[in-house]
1. Considering only the stretch 67-101, how many residues are over 13 Å from Ala44 (Cβ atoms), part of a strand (DSSP E or B) and of a type outside the set (A, V, I, L, M, F, W, C)?
2. Taking only pairs six or more apart or across chains, which ones have beta-carbon atoms under 7 Å, a first residue in the stretch 61-78 that is farther than 13 Å from Arg107 by Cβ, and a second residue that is modelled with pLDDT under 95 and of a type in the set (S, T, N, Q)?
3. For the stretch 102-122, give me each residue that is acidic (Asp, Glu) and in a loop (DSSP other than H, G, I, E, B).
4. Considering only residues that are exposed (fewer than 10 other Cβ atoms within 10 Å of the Cβ), closer than 19 Å to Tyr114 by Cβ and either of a type outside the set (Gly, Ala, Ser) or at pLDDT 90 or above (or both), which ones fall in the stretch 1-32?
5. Go through the stretch 33-52 and report how many residues are over 12 Å from Thr108 (Cα atoms) and surrounded by fewer than 19 Cβ atoms within 10 Å (Cβ to Cβ).
Amino acid sequence: MTLRQALHSVLASQEEIAADEERHDSASQVGCSAVSDLANRKRATVSGVMRSVILRPREGVPTVEAELYDGSGSLDLVWLGRRRIAGVEPGRRVRVEGLVCEIAGRRTMFNPRYELRPRAGE
């Protein structure tokens with residue numbers, strides 16, 4: 001550990017430390033991109049942890065929405081026509097693949113393919 005890393009670990013907030021750990025975990029996933037590097041209207045694969053999961057109807061259609069965080073930024077995940085998805089819950093690690101688009105200034109993936117990953121410590 002270098003002096004710079006030691007100082008950072010002492011002076012960093014818990015949130016910064018968690019973000020660094022999440023970035024490291026996401027970067028270790030082969031073929032995954034960082035959320036901060038995602039381009040609009042391009043396919044991508046991203047790995048991270050779900051911060052929130054909610055049921056929100058969109059124009060009369062049931063919709064499951066989740067926020068995926070990888071340490072570099074957040075990506076909104078939207079599954080149309082679903083009321084619940086088994087295993088998709090806050091705190092769960094997941095790897096998703098799909099087309100990235102920007103909706104109201106936020107990176108979003110609609111109906112992404114997903115792979116549930118073990119939780120931290122499992």
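1. Total satisfying the criteria: 5.
2. Correct list of pairs: Gly71/Ser26.
3. Glu122 - this is the single residue of the stretch 102-122 that is acidic (Asp, Glu) and in a loop (DSSP other than H, G, I, E, B).
4. Val30
5. 6
The values are calculated or read from the model by the stated rules, or taken from the named source; none is laboratory data. None of the values given here were measured: they were computed from a predicted structure. Reconstructed Cβ throughout: ideal geometry from the backbone, glycine too, with neighbour counts over all protein chains shown.
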